[in-house]
Amino acid sequence: MTTAYISHPSFLRHEMGAGHPECPERLSAIYDHLLMRGLIDLMPPYEAPAATRAQVGRVHDALYIAELEASAPADGYVHVDPDTAMNPHTLQAAWHAAGAAVLGAELVARGEARSAFCCVRPPGHHAERHQAMGFCFFNNAAVGIAHALAELGIDRVALVDFDVHHGNGSENIFAGDDRVLMVSTFQQALYPFSGEAPQGPNMINVPLAPRTSGEAMRAAVTERWLPALEKFRPEMVFISAGFDAHREDDMANLGWVESDYAWVTREVMGVAERHAGGRVVSLLEGGYCLSALARSVAAHVRVLMGAE
C-alpha cells in the first residue's frame, strides 16, 4: 500500500496578509520539492472534502463554530487574535483542512492507503474547543481522531505532536480522555507558553530547552514517548507534524535537521506497525522557512511511504 496525499485548492486561497509566515507558499514549496524528488508521483492524490458540522462539532462547540461563521469577512481581513486573521477564503479552507483528517482516517482504516499525509492549511493544533489562535481555526487532528473513535471502530488513538510549539488546543480537547494518548515535544517557554504541566494523565509533554539539537528530542522519544505508546497500544496514530524546530527556521530556537524528522517518523511508524496495523495519518502543522520545510516534509514522507 502507498501513502495518500490529501490537499485542496482552497488552502492556497487562505492568507492572512503580506509577510505573514503562515502563507500559501508553504504548500507550493512542499509540493514542488516532492515533485522534484519524484515522491509526489508515488502518492495517490485525494481532494479533501469539507468536514461536516457534526464532525467538527465533536471537538468544537456549536457556538464557537457559529461565531467563526459570523466573523468571516466578505473582503479584507478579520483578526481573531493579533497573529491570526480570516480572509474571505479562510473558513472554506478550514472546513476542508478538517475534512482532510477525516478522509485520511477513513483511507487508512479501510486499508486503501498505508498512511496519509494531509498537506493542509490553516494548521490546527492550537485551536481549542472554544477558541481560534496561533494561526489555527479548527483542530484538524482532533476532528480526525474524534471521527475515528466515533465512526471507524477504533478504541485507542495516539496523537504524536513534534511541532516546536506546544499543541495546547489538542491538549485542551483530549486531556483526561483515556481513549487518546498524546505525546509531544516543544520548545520550553515558547508560544503558547503552556504544556510544562500536563492537563491529564494521558498527556506526555516533554519541553525541550532552547538551543538544543535533535539529540534532546531523540532522548525524549526514547525515554518518555515510546514506553507510554507501547503500554497504550494505539489502534491508529495521528501526527501533528510541525517542521519549525528545524535549525533554519527563525520562528523558534531548536536545532533539528531533516534526519531528525526522518528518525522520529521511523520510531512512530514502528509503534504503528506493532500495534495499529501501520495506520498513520499525518497532518501538516508549522514550518516557516520554506526550503527547510520542504526538505523536512520530504524526509518525513519518505519514511511514511516505507522508502527508507
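Just so it is clear, none of the values below were taken in a lab; they were calculated from the coordinates. None of the values given here were measured: they were computed from a predicted structure. Note that each Cβ is placed from the backbone with ideal geometry, even for glycine, and that neighbours are counted across all protein chains shown.
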* With runs of 4+ DSSP H residues as the only contributors, calculate the mean residue ellipticity of the chain at 222 nm using -39,500 (n - 2.57) per run, divided by the residue total and rounded to the nearest 500. => -11500 deg cm²/dmol
* Structure fact -> The set of residues whose placed amide H lies less than 5 Å from the amide H of ALA4, leaving out same-chain residues fewer than 5 positions away, is ARG114, SER115, ALA116, PHE117
* **HN-Hα J in Hz across the range 183-194 - Karplus 6.51, -1.76, 1.60, θ = phi - 60°, x for Gly and Pro** => 10, 8, 10, 6, 6, 5, 6, 10, 2, x, 6, 8
* Asked: Applying the Karplus parametrisation 6.51 cos²θ - 1.76 cosθ + 1.60 with θ = phi - 60° to the phi angles of the range 206-219, what ³J(HN,Hα) value in whole Hz is obtained for each residue in order, glycine and proline being reported as x?
  -> 10, x, 10, 5, x, 6, 9, 9, x, 4, 5, 5, 4, 5
* DSSP H helices in the chain with Cα extent of 15 Å or more along the helix axis and mean Kyte-Doolittle hydropathy at least -1.0? -> 25-36, 90-110, 140-151, 258-275, 290-304
* Highest-first arrangement of 67-73, 19-25, 164-170, 138-144, where packing means the average Cβ count within 10 Å -> 138-144, 164-170, 19-25, 67-73
* Structure fact -> Rounded to whole angstrom, the alpha-carbon centroid of the range 143-162 lies from that of the range 91-118 at a distance of 12 Å
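Please report, largest first and rounded to whole Å, the three semi-axes of the ellipsoid equivalent to the range 172-308, where each semi-axis is the square root of five times an eigenvalue of the C-alpha gyration tensor.
Working: eigenvalues 98, 77, 32 Å².
Sorted largest first and rounded, they come to 22, 20, 13 Å.
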* Structure fact -> A correct Karplus calculation of ³J(HN,Hα) over the range 77-82, with 6.51 cos²θ - 1.76 cosθ + 1.60, θ = phi - 60°, whole Hz and x for Gly and Pro, returns 10, 10, 8, 9, 8, x
* Radius of gyration and maximum dimension Dmax of the range 61-135, Cα, Å -> 14.2, 43
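Quick one: grab the alpha carbon gyration tensor of the range 234-308, order the square roots of its eigenvalues as a ≥ b ≥ c, and give me rounded if a/c is under 1.5, else prolate or oblate depending on whether a/b is larger than b/c.
Since a/c reaches 1.5 and a/b is larger than b/c, the shape of the range 234-308 is classed as prolate.
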* Please state the relative contact order of the chain as a whole percent: Cα pairs under 8 Å, 6+ residues apart? -> 20 percent
* Just grab the label-to-label distance for ASP61 and ALA150, each label 7 Å out from Cα along the Cβ direction, in nm (one decimal). => 1.7 nm
* **Residues listed by number, the range 90-108, amide nitrogen under 11 Å from ALA54 label point at 7 Å toward C-beta** => none
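How large is the dipole of the chain about the Cα centre if only Lys and Arg carry +1 and Asp and Glu carry -1, each at its Cβ, rounded to the nearest 20 debye?
Numbers: 22 positive and 37 negative charges, 143 e Å.
Roughly 680 debye for the chain.
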* Counting only C-alpha contacts under 8 Å and six or more residues apart, can you give the relative contact order of the range 214-285 as a whole percent? => 43 percent
* Structure fact -> Checking rank on 120-130, 262-272, with mean other Cβ inside 10 Å and highest first, the result is 120-130, 262-272
* Structure fact -> At the level of C-alpha centres, the distance separating the range 1-74 and the range 263-300, in angstrom, is 17 Å
